[in-house]
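The structure's right below; bear with me while I get my questions together.
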Amino acid sequence: MKKAVHYINQFFAGVGGEDQADHKPEILSELAPQSKLLDSKLEDCEVVATIVCGDNYYGENIEEAQKQIIELLKDIDFDILVAGPAFRAGRYGVACGGAAVAIKEAYDVEIFTSMNEENPGVEMWKKQMYVFKGGASAAATRKDVEVIANAVNKFIKGEKIGSADEANFFARGNRHIDFTPVAPASVRAVDMIVAKTTKQEFQTELPIPKNDLVPVADSIKDLTKAKIALVTTGGIVPVDNPDRIQSASATRWGMYDISNVSTLAHGGGYPTNFKTIHAGYDPAAADADPNRVVPLDVLKDMEKEGKIGSIDSHFYTTVGTGTTENEAYRMGLEIAEVLHEHKVDAVLLTST
Amino acid sequence: MKLQFKNFIVKDVVFGNDDSFKDGILTFNKENAIKFLMDADEHLVSVNLEIAKPGDDTRIVPVKDAVEPRMRVGDEGYFPGVTGDVKKCGDGVVHALKGMSVLGVGQTWGSFGDGLIDMSGEGAKYSYFSELINVCIVAETDEENERHEQQKKNTAIRMATLRFAEYLGKITEGLDTDNVEVYELKDKKDRNPDLPNIVLVTQSQSQLEEAGYNALLYGWDMNNFLPTVLNPTEMLDGAYVSGSFMPCSSSWSTYDTMNAPIVKELFERDGKEINFVGHIASNLNVSLEQKERSALFVARLANMLEADGAIVAEEGYGNPDADFIACIDALEDAGVDTVGLTNECTGRDGLSQPLVTLSEKANAIVTCGNVSELIELPAMSKVIGNLESLARDGLSGGWADDDKLGSSVREDGSIIFENNSSFCGDQVLGWSKKKMNEF
């Protein structure tokens with residue numbers, strides 16, 4: 001018999017509504033009603049605990065909340081985590097995914113959740129777990145829980161969960177060959193061109209993700225007064241890599257004080273020297289002279305010559321290889337926040 | 001131009017004293033056949049012939065090309081510009097031995113673009129050729145200059161495969177059959193104005209600068225090539241000969257072009273749901289400028305053919321995706337509704353971007369496989385060719401050693417490799433009954 005833990009928010013735990021959204025993580029003394037429902041739908045698997053966390057508490061204390069959740073689960077033996085369903089509740093969806101990913105990292109369990117297509121959590125988490133397509137509100141509880149339970153049951157039996165369409169989860173960019181018999185490609189292609197040229201509906205077999213283009217920023221009116229920051233995905237860090245940024249598939253970034261540094265090359269004035277920890281390119285040239293990835297030396301010259309106003313007190317760095325779009329987006333937002341605080345006018349973004 | 005196939009359905013192939021085709025049995029004299037092949041090319045050091053049938057517990061590797069036995073009535077040299085003079089094809093009467101192919105197989109050495117066929121079991125689903133009776137030319141050559149190259153031209157074995165397809169085709173000379181297939185492009189005046197005009201665009205492998213590796217059209221190396229218009233019957237009638245360098249699951253064998261299901265399907269619907277207006281032969285290029293030039297020419301030719309829609313088929317993946325997407329963009333920009341026909345490279349974990357470049361205009365794609373799908377197969381009791389070549393010789397889907405997976409070829413004869421080395425496995429010209437899905 002496998003064991004599952006169920007993560008829900010304060011509302012579905014019966015703790016309270018919006019007024020209790022600051023509720024800290026706890027394990028309920030008795031399974032919540034939704035957890036019992038889930039338990040009744042599972043074959044060869046029992047729900048052993050309901051863990052609850054207030055949506056606001058999670059959102060405002062992400063790292064702390066995750067730590068507490070992991071700590072609370074440390075004596076519980078379980079194989080599966082089900083979070084939600086979160087329906088259309090945005091903060092709940094964000095928390096379900098975030099908590100589930102943290103729990104998976106800590107305990108290596110399979111994670112499942114369910115959200116409505118309009119829940120912002122879908123875009124955030126669909127690539128990292130099965131996010132099943134759920135209803136808009138709690139009226140869909142029974143159905144949504146059943147969809148999750150069906151998938152968990154398949155997983156426990158060692159059966160394949162099936163394709164996104166079959167099992168009703170949001171496509172997560174995990175594409176493999178499907179040998180389910182279909183018409184030959186020649187027939188599919190001609191069917192599709194007939195439909196397309198006669199303005200009938202058709203469905204592409206390779207949906208192209210929407211182009212998420214960011215509009216070009218306004219140009220710098222006067223570069224001689226502008227404050228410039230250096231940001232890189234080239235993995236340049238102090239040699240001891242104090243923030244333990246990963247060499248590939250990074251989830252962390254760092255900012256390092258260069259206000260008293262004239263060059264990133266050896267002997268540049270920083271107490272430690274710099275190197276790259278990026279695993280996606282030959283590090284020889286970057287290690288020999290880190291300025292070639294983060295061109296502080298040239299920027300210093302330009303500052304001296306009065307071509308630019310000033311250089312930001314820090315440079316910002318992470319690793320771009322294998323890093324998921326989601327993580328890159330989050331780190332970008334976080335770095336941009338600091339850049340705003342530092343009143344930076346423009347960024348020199350270097351890649352490799 | 002009217003192409004008439006006389007189809008001789010092959011139920012079995014056997015070695016015998018004489019050469020004959022009777023009651024569906026193709027018989028030929030093995031010694032004479034080997035002598036014919038050896039006499040035709042001094043670069044063949046040794047040749048053996050083996051027959052592999054569907055259901056056999058047999059693995060064939062390294063396979064270089066597949067060809068259907070054919071004979072053009074009243075003419076020698078079936079493949080124009082390659083085995084015969086540069087003469088028009090796609091017109092007249094042609095004999096075809098159906099249900100079988102001739103395979104060119106290395107006795108020892110493999111090459112990047114070579115593939116693997118299992119005649120039965122789990123592995124059979126990865127290649128169309130597991131469904132055919134395959135006469136295998138297993139040969140050693142004296143091509144020492146490329147012996148240790150990962151990319152080989154394999155000219156001697158490839159030419160032998162073409163010649164032997166003609167040799168077997170000729171056994172039907174003087175015979176007749178009621179099984180006739182006719183393909184003919186309608187005159188413009190006979191088109192139905194209420195139906196959309198559809199053109200086929202094919203992008204053949206042609207990215208090696210040196211001659212000898214690329215697909216040939218009437219013998220012309222398609223690297224140095226600008227898109228041109230063909231009558232669709234030409235592809236079915238030996239206008240193309242396959243190249244040697246493409247990762248094999250993405251590759252189109254000569255057999256694939258000679259039977260191109262997409263061409264046959266477009267003829268099938270012609271006059272009913274569409275007007276089939278022609279075939280634009282395009283290529284795959286090295287530089288961005290070349291890619292854009294080919295795309296531009298394809299779009300212009302499609303407009304001149306008054307096409308409302310186009311189907312673009314890509315032979316390859318990775319860098320060729322840029323040609324594929326550029327061509328779709330150019331056609332859509334020129335007002336031609338376009339469907340793309342391709343495979344994907346989503347990685348062993350399935351998480352990589354499916355094509356190296358994407359466009360929102362490519363909103364209608366039929367997709368046939370993941371080149372990097374990991375395949376693990378048990379040993380087969382018989383190997384035709386050389387199993388070790390899969391691991392040793394740099395086949396696109398094989399490896400000599402891997403930290404986690406070990407060698408592609410294990411001591412017990414079981415194998416682990418990427419779909420990349422399934423022989424013409426993704427069947428983008430239209431056989432493919434598999435697709436890609438989100439899991």
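Throughout, read-outs are computed from the coordinates displayed, never taken from laboratory work. As the structure is a prediction and not an experimental result, all values here were calculated from the model. Glycine gets a Cβ as well: all are built from the backbone with ideal geometry, and neighbour counts include every protein chain shown.
If you restrict to DSSP beta bridges whose two residues both lie in the protein assembly as shown, what percentage is antiparallel, to the nearest 5?
Values: 53 of 130 bridges.
The antiparallel proportion sits near 40 percent.
Now, a different point. With θ set to phi - 60° and the Karplus curve 6.51 cos²θ - 1.76 cosθ + 1.60, what are the ³J(HN,Hα) couplings of the range A:126-143 in order, to the nearest whole Hz, using x for Gly and Pro?
4, 7, 9, 6, 6, 9, 6, 6, x, x, 7, 9, 4, 4, 8, 3, 4, 5
For the range B:78-216, what is the number of Lys pairs with C-alpha distance below 24 angstrom, counting only pairs 8 or more positions apart or on separate chains?
Eligible lysine pairs with Cα atoms under 24 Å apart amount to 9.
While we're here: Rounded, prolate or oblate: which one fits chain B, using the alpha carbon gyration tensor with axes a ≥ b ≥ c (rounded when a/c is under 1.5, else prolate when a/b beats b/c, else oblate)?
Working: a/c = 1.68, a/b = 1.15, b/c = 1.47.
Verdict is oblate for chain B.
Give the percent of DSSP beta bridges with both residues in the range B:209-344 that are antiparallel, rounded to the nearest 5. It would help to have the intermediate numbers written out before the result.
On the way: 7 of 13 bridges.
Percentage antiparallel, nearest 5: 55.
Whole-Hz Karplus ³J(HN,Hα) for the range A:236-249, in order, using 6.51 cos²θ - 1.76 cosθ + 1.60 and θ = phi - 60°, x for Gly and Pro?
Calculated HN-Hα couplings, in order: 6, 9, x, 4, 8, 6, x, 9, 6, 5, 6, 6, 8, 6 Hz.
Report, to two decimal places, the Cα Rg of the range B:138-270 normalised by 2.2 N^0.38 Å (N = number of residues).
Values: Rg = 17.9 Å, N = 133, 2.2 N^0.38 = 14.1 Å.
The value comes to 1.27.
How many partner chain Cβ atoms sit within 10 Å of a residue's Cβ in peptide B:336-346, on average, as a whole number? Let's see the in-between values first.
Details: counts 1, 7, 4, 12, 5, 7, 3, 2, 5, 1, 5.
Per-residue shielding by partner chains comes out at 5.
Another question about this same structure. Filter the GluC sites (Glu not before Pro) in the range A:10-75 to those in DSSP coil with at most 16 other Cβ atoms within 10 Å of their Cβ, and list the result.
Qualifying residues, ordered by number: A:GLU30, A:GLU43.
On to the next question. Could you state the number of Å between the C-alpha centres of the range B:197-223 and the range B:118-138?
26
Project the alpha carbons of the range B:335-421 onto their principal axes and report the range along each, largest first, in whole Å.
Computed over the range B:335-421, the largest-to-smallest principal extents equal 56, 28, 20 Å.
Report ³J(HN,Hα) in whole Hz for each residue of the range B:164-179, in order, from the Karplus equation J = 6.51 cos²θ - 1.76 cosθ + 1.60 where θ = phi - 60°; Gly and Pro get x.
6, 5, 5, 4, 6, x, 5, 4, 8, 4, x, 8, 9, 8, 7, 7
Select from B:GLY238, B:HIS43, B:THR108 the residue farthest towards the positive end of the dipole of chain B; place +1 on Cβ of Lys and Arg, -1 on Cβ of Asp and Glu, and compute about the Cα centre.
Looking along the dipole axis, the top candidate is B:GLY238.
A follow-up question, please. When the helix-only estimate is applied to chain A (DSSP H runs of n ≥ 4, each -39,500 (n - 2.57), divided by the residue count), what is the mean residue ellipticity at 222 nm, nearest 500 deg cm²/dmol? Don't skip to the end; give the middle numbers.
On the way: 11 runs with 115 residues, N = 352.
After summing the helix terms and dividing by the residues of chain A, the value is -9500 deg cm²/dmol.
Other chains' Cβ within 10 Å of B:355-368 residues: what's the mean? Spell out each step's value before the answer.
Numbers: counts 2, 0, 0, 4, 2, 4, 1, 3, 6, 10, 7, 15, 8, 6.
Across the residues of B:355-368, the mean count of other-chain Cβ atoms within 10 Å is 5.
Given the peptides A:278-288, B:103-113, arrange them by the average over their residues of other C-beta atoms within 10 Å, most packed first. Please list the in-between numbers first.
On the way: A:278-288: 16.1, B:103-113: 24.5.
Per-residue Cβ counts within 10 Å, averaged per peptide and sorted highest first, yield B:103-113, A:278-288.
Which of B:THR161, B:THR254, B:THR58 ends up with the largest GNM mean-square fluctuation for chain B, with Cα atoms connected below 10 Å?
The residue with the greatest mean-square fluctuation here is B:THR58.
Moving on to the next point. So how do B:CYS89, A:CYS96 line up by other beta-carbon neighbours within 10 Å, fewest first? Mind showing how you got there, number by number?
Working: B:CYS89 27, A:CYS96 34.
Ordered by Cβ neighbours within 10 Å, fewest first: B:CYS89, A:CYS96.
May I pose another question? Select from A:TYR57, A:TYR256, A:TYR107 the residue whose mean-square fluctuation is largest in a Gaussian network model of chain A (Cα-Cα springs shorter than 10 Å).
With Cα springs under 10 Å in chain A, the top fluctuation among A:TYR57, A:TYR256, A:TYR107 is at A:TYR256.
Along the charge dipole of the range A:141-220, which of A:ASN168, A:LEU213, A:VAL145 sits closest to the positive end, that is, farthest toward it, with unit charges on the beta carbon of Lys, Arg, Asp and Glu (+1, +1, -1, -1)?
A:VAL145
If the viscosity is 1.306 mPa s and the temperature 10 °C, what Stokes-Einstein diffusion coefficient in µm²/s follows for chain A when Rh is the Kirkwood radius over Cα pairs? Could you put the intermediate results ahead of the total?
Working: Rh = 23.5 Å.
Rounded, D is 68 µm²/s.
Using the Cα centre of chain A as the reference point, and only Cβ charges (+1 on K/R, -1 on D/E), how large is the resulting charge dipole? Debye, rounded to the nearest 20. Write out the running numbers ahead of the final one.
Numbers: 36 positive and 52 negative charges, 162 e Å.
Dipole about the Cα centre, nearest 20: 780 debye.
Let me ask you something else. Per residue of B:267-274, what is the mean number of Cβ atoms on other protein chains within 10 angstrom of that residue's Cβ?
Working: counts 0, 3, 5, 0, 0, 1, 7, 5.
That average works out to 3.
If packing is taken as the mean number of other Cβ atoms within 10 Å per residue, what is the order of B:360-370, B:2-12, highest first? Provide the component values of the computation, followed by the final result.
Numbers: B:360-370: 23.8, B:2-12: 16.8.
Ranked from most to least packed, the peptides come out as B:360-370, B:2-12.
Work out the charge dipole of the protein assembly as shown with +1 on the Cβ of Lys and Arg and -1 on the Cβ of Asp and Glu about the Cα centre, then indicate which of B:CYS368, B:GLY425, B:GLY123 is farthest towards its positive end.
B:CYS368
Then there's this: What Kirkwood Rh does the protein assembly as shown have if only Cα atoms enter the pairwise 1/r average? Answer in Å. Show your work: numbers first, answer last.
Values: mean 1/r = 0.0335 Å⁻¹.
Hydrodynamic radius (Kirkwood, Cα only) of the protein assembly as shown equals 29.8 Å.
List every residue whose amide H lies under 5 Å from the amide H of B:ASN370, counting only residues 5 or more places away in sequence or on a different chain, with H placed 1.01 Å from N in the peptide plane.
Answer set, sorted by chain and number: A:ILE177, B:GLU344.
Treating the beta-carbon of each Lys and Arg as +1 and of each Asp and Glu as -1, no other charges, what is the dipole magnitude of the range A:139-231 about its Cα centre, to the nearest 20 debye? Don't skip to the end; give the middle numbers.
Working: 14 positive and 12 negative charges, 56 e Å.
Once rounded to the nearest 20, the dipole reads 260 debye.
With a point put 7 Å past each Cα toward its Cβ, work out how far B:ASN145 is from B:GLU306 in nm, to one decimal.
Calculated label separation equals 5.0 nm.
Let me ask you something else. Let me spell out the model: positive unit charges on the Cβ of Lys and Arg, negative unit charges on the Cβ of Asp and Glu, origin at the Cα centre of the range A:1-128. What dipole size does that give, in debye rounded to 20?
On the way: 12 positive and 23 negative charges, 44 e Å.
It works out to roughly 220 debye.
Report the Cα centroid-to-centroid distance between the range B:330-373 and the range A:244-304 in angstrom, as an integer.
If you average the Cα positions of each part, the centres end up 38 Å apart.
If each DSSP helix of 4+ residues adds -39,500 (n - 2.57) and the sum is divided by the residues in chain B, what number results at 222 nm, nearest 500 deg cm²/dmol?
Values: 8 runs with 81 residues, N = 439.
So the calculated ellipticity at 222 nm is -5500 deg cm²/dmol.
Could you state the number of Å between the C-alpha centres of the range B:231-259 and the range A:3-33?
Their Cα centres are 63 Å away from one another.
From the Cα trace of the range A:145-221, what convex hull volume per residue do you get, rounded to a whole Å³?
Values: hull volume 17.1 nm³, N = 77.
Per-residue hull volume (Cα only) is 222 Å³.
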